[in-house]
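Notes follow the structure.
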């Protein structure tokens with residue numbers, strides 16, 4: 001049991017880890033997408049604003065010439081700082097005509113599209129990142145419009161930090177939920193394992209705990225409990241049976257001992273000794289018979305011999321057995337009647353013959369002289385029924401259910417040849433055929449029925 | 001010529017008990033105490049019959065018999081088994097044994113069965129008629145006469161009588177009859193077989209005639225010539 005717990009623990013760890021890795025990866029992917037998309041949107045926004053300004057300003061140039069353009073730039077400057085906007089218009093010789101930049105930045109060719117620059121801000125040593133675009137105007141002047149990218153980079157950094165935080169939170173959360181979930185599962189399993197351990201150490205009356213929630217764990221627990229009920233039943237039957245066996249074999253064995261002792265008594269004639277011998281042999285035969293029947297019963301209960309199943313015509317089987325018993329019956333003034341028929345079933349022919357012969361012998365033991373024993377064959381739902389009915393005194397209702405228990409005989413003078421195993425064997429054979437053994441009083445008489453499943 | 005019998009049995013007491021019994025009956029005995037040794041002797045040939053234990057060290061009885069039959073050895077085999085369950089008995093017969101006997105058994109029963117196995121080849125199924133003293137049995141017309149008087153038998157009675165006549169002068173046990181005539185491999189509690197025999201006897205024996213079927217105390221029945 002310890003090993004099971006250990007491997008459960010291992011599998012719990014694996015489960016938590018797997019769910020953690022999976023959910024973290026998923027969150028990371030989503031956040032990366034958010035980050036990239038946000039970044040792109042802001043960049044393209046900046047660009048479209050800048051190119052709109054460039055277009056607007058070059059329109060102004062076309063309409064009003066360089067002076068008009070210079071005026072337009074000057075108008076925009078007061079608000080430029082708020083918008084992080086940068087402007088520069090230079091003349092044909094590169095002299096600054098208007099704008100808030102000191103001079104044309106090195107390495108920038110007008111009209112070459114987007115550029116990212118590091119420019120010194122004012123007279124300070126502080127460099128700021130700039131995104132800018134420029135055009136060359138028809139009169140040879142150059143115009144540059146840009147945006148201070150510092151704010152954007154700061155936003156970028158904040159975004160990145162939030163993404164990392166979100167990722168960490170997701171990771172921690174998945175760790176927590178994984179642990180909680182598996183702890184829930186594990187605690188139920190541990191209940192089961194503990195109960196099983198206690199059962200193993202001998203307390204067969206214990207059952208798996210139910211929480212009354214009707215969930216899957218409760219369902220498994222109640223299935224296990226059914227199994228435990230059945231096992232406890234079987235074990236208590238086994239105890240009763242072994243007690244009965246011990247009791248039942250003790251009597252013939254002690255009689256045997258007496259016979260053997262009697263053999264060595266002096267002064268016996270050969271004839272007397274022969275009688276003692278015959279009696280001793282009889283006791284041994286009885287013991288052997290009991291053992292044989294017990295073997296048959298346990299084999300049939302275990303379902304051994306099912307591989308020998310073949311199609312059996314019950315009517316034919318009944319007629320064969322009846323033919324064997326007919327002379328004995330007619331000696332006792334009993335008539336045997338066979339009625340009904342059924343479709344062939346899959347069955348163990350020799351054992352079915354034996355079961356029927358046990359039922360028939362049982363009926364003949366109680367049937368009054370001049371009466372009839374009826375052997376009926378019929379179908380009832382998924383079962384084929386073989387019943388034997390006598391017109392004897394029947395059995396007290398309270399004893400009906402006990403009939404099929406081993407070593408139960410209602411015969412007050414239990415004869416040597418009747419150890420009370422015949423009907424137990426019949427019951428075992430019916431179980432082997434997926435059926436049951438049923439006995440009921442018919443006033444008058446007892447009807448014993450062998451129920452056989454038509455298809456297993 | 002004396003008959004040769006192979007006994008494959010691991011239990012020394014049982015082996016000696018069987019060997020001693022058959023020696024006294026004039027058989028030549030070979031013994032083997034495990035499955036492999038048994039198979040070696042059995043395939044070596046020259047035996048008229050084999051007494052084989054079901055449970056053996058080395059190679060169990062069922063496997064031994066299968067190997068033996070696979071090697072084409074047709075020597076009749078009687079299987080001894082401590083497993084008395086009906087389906088175990090059937091299994092033994094299906095594996096190729098010609099007969100089986102459940103332990104513990106009386107030597108008389110074993111002897112009767114071995115004798116029956118040995119007689120098989122001589123009394124072929126094609127024999128048109130069987131006789132014993134003044135009794136005649138025509139297997140084709142299914143007519144039975146005793147001293148010329150015709151006797152009407154039921155099909156089952158005919159079968160029982162045929163079973164006896166094919167094992168003339170040999171003891172036939174109740175179990176042998178149940179197995180051979182009815183094909184039942186269980187032991188009924190009542191005296192069913194005896195009642196069938198006494199019914200048959202009433203048919204066969206006219207007033208004052210010598211009884212055709214003798215009772216052999218503690219063993220069964222016998223039909224004999226003398």
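The values are calculated or read from the model by the stated rules, or taken from the named source; none is laboratory data. Just so it is clear, the model here is predicted, and its values are computed rather than measured. Here the Cβ positions follow ideal geometry from the backbone for every residue, glycine too, while neighbour counts run over all protein chains shown.
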For segment B:76-100, name all the residues that are in contact (Cβ under 8 Å) with a residue 40 or more places away in the chain and outside any strand (DSSP E or B). B:76, B:86, B:89, B:90, B:97
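Within 13 Å of chain B (Cβ to nearest Cβ) and over 49 Å from the mean Cα position of the chain (by Cα), is that true of residue A:297?
On the way: within 13 Å of chain B (Cβ to nearest Cβ): yes; over 49 Å from the mean Cα position of the chain (by Cα): no.
So residue A:297 does not fit the description; no.
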Select from segment A:326-349 the residues that are crowded, with 17+ Cβ neighbours inside 10 Å and free of Cβ contacts under 8 Å to residues at least 12 places away in the same chain and write down the one among them that is nearest to residue A:435 (Cα to Cα). A:326
Return only the number of the condition from (1) over 30 Å from residue A:164 (Cα atoms); (2) in contact with a strand residue (DSSP E or B) (Cβ under 8 Å, 6 or more places away or on another chain); (3) at pLDDT 80 or above that residue A:62 does not satisfy. (2)
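Could you list, in sequence order, the residues of segment B:195-208 that are more than 7 Å from chain A (Cβ to nearest Cβ) and either within 22 Å of the chain's Cα centre (by Cα) or closer than 18 Å to residue B:165 by Cα (or both)? Let's see the steps before the verdict.
The initial filter retains those residues of segment B:195-208 that are more than 7 Å from chain A (Cβ to nearest Cβ), namely B:197-198, B:200-208.
Within segment B:195-208, B:197, B:198, B:200, B:201, B:202, B:203, B:204, B:205 meet the criteria.
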Within segment B:123-132, does at least one residue satisfy the condition of being modelled with pLDDT under 90 and either within 14 Å of chain A (Cβ to nearest Cβ) or over 17 Å from residue B:167 (Cβ atoms) (or both)? yes
In segment A:271-293, residue farthest from the chain's Cα centre (by Cα) [restricted to those that are within 21 Å of residue B:82 (Cβ to Cβ) and within 10 Å of chain B (Cβ to nearest Cβ)]: A:281
Looking at the structure I just gave you, is residue A:180 touching a helix residue (DSSP H, G or I) at 6+ places or on another chain (Cβ under 8 Å) and without any contact (Cβ under 8 Å) to a residue 40 or more places away in the chain? no
Which residues, taken from segment A:236-250, are modelled with pLDDT under 80 and in contact with a helix residue (DSSP H, G or I) (Cβ under 9 Å, 6 or more places away or on another chain)? A:241, A:245, A:248
Looking at (1) over 29 Å from residue A:154 (Cβ atoms); (2) in a loop (DSSP other than H, G, I, E, B), which is the one condition that is false for residue A:112? (1)
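Could you tell me how many of the residues in segment A:186-208 are part of a helix (DSSP H, G or I) and in contact (Cβ under 8 Å) with a residue 12 or more places away in the chain?
Step one: list which residues in segment A:186-208 are part of a helix (DSSP H, G or I), which gives A:186-200.
Narrowing further to those that are in contact (Cβ under 8 Å) with a residue 12 or more places away in the chain: A:186, A:188-193, A:195-197, A:199-200.
Here the count works out to 12.
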Residues in segment B:19-67 that are in a helix (DSSP H, G or I), touching a helix residue (DSSP H, G or I) at 6+ places or on another chain (Cβ under 7 Å) and touching a residue at least 60 places away in the same chain (Cβ under 8 Å): how many? 1
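Within the group B:192, B:172, which residue is away from every other protein chain (no Cβ under 14 Å) and buried (at least 18 other Cβ atoms within 10 Å of the Cβ)?
On the way: B:192 fails: away from every other protein chain (no Cβ under 14 Å).
Among B:192, B:172, only B:172 is away from every other protein chain (no Cβ under 14 Å) and buried (at least 18 other Cβ atoms within 10 Å of the Cβ).
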Only one of (1) under 29 Å from residue A:245 (Cβ atoms); (2) assigned to a helix (DSSP H, G or I); (3) modelled with pLDDT of 90 or more fails for residue A:329. Which number is that? (1)
Residue A:273 - would you say it is touching a residue at least 40 places away in the same chain (Cβ under 8 Å) and assigned to a helix (DSSP H, G or I)? no
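Select from segment A:134-158 the residues that are under 23 Å from residue A:36 (Cβ atoms) and surrounded by 16 or more Cβ atoms within 10 Å (Cβ to Cβ) and list them in ascending order.
Step one: of segment A:134-158, the residues under 23 Å from residue A:36 (Cβ atoms) are A:147-158.
Passing the criteria: A:147, A:148, A:149, A:152, A:156.
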Taking only segment B:175-189 into account, find how many residues are more than 7 Å from chain A (Cβ to nearest Cβ), more than 21 Å from residue A:290 (Cα to Cα), without any contact (Cβ under 8 Å) to a residue 24 or more places away in the chain and in contact with a helix residue (DSSP H, G or I) (Cβ under 8 Å, 6 or more places away or on another chain). 1
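Just give me the residues in segment A:305-314 being within 10 Å of chain B (Cβ to nearest Cβ) and within 16 Å of residue A:354 (Cα to Cα), in sequence order. Working first, answer last.
We begin by selecting, within segment A:305-314, every residue within 10 Å of chain B (Cβ to nearest Cβ); these are A:305-308.
Selection gives A:305, A:306, A:308.
Run down A:336, A:317, A:352, A:324 and say which single residue is outside any helix (DSSP H, G or I), at pLDDT 90 or above and either within 13 Å of chain B (Cβ to nearest Cβ) or under 38 Å from the mean Cα position of the chain (by Cα) (or both).
The conditions single out A:336.
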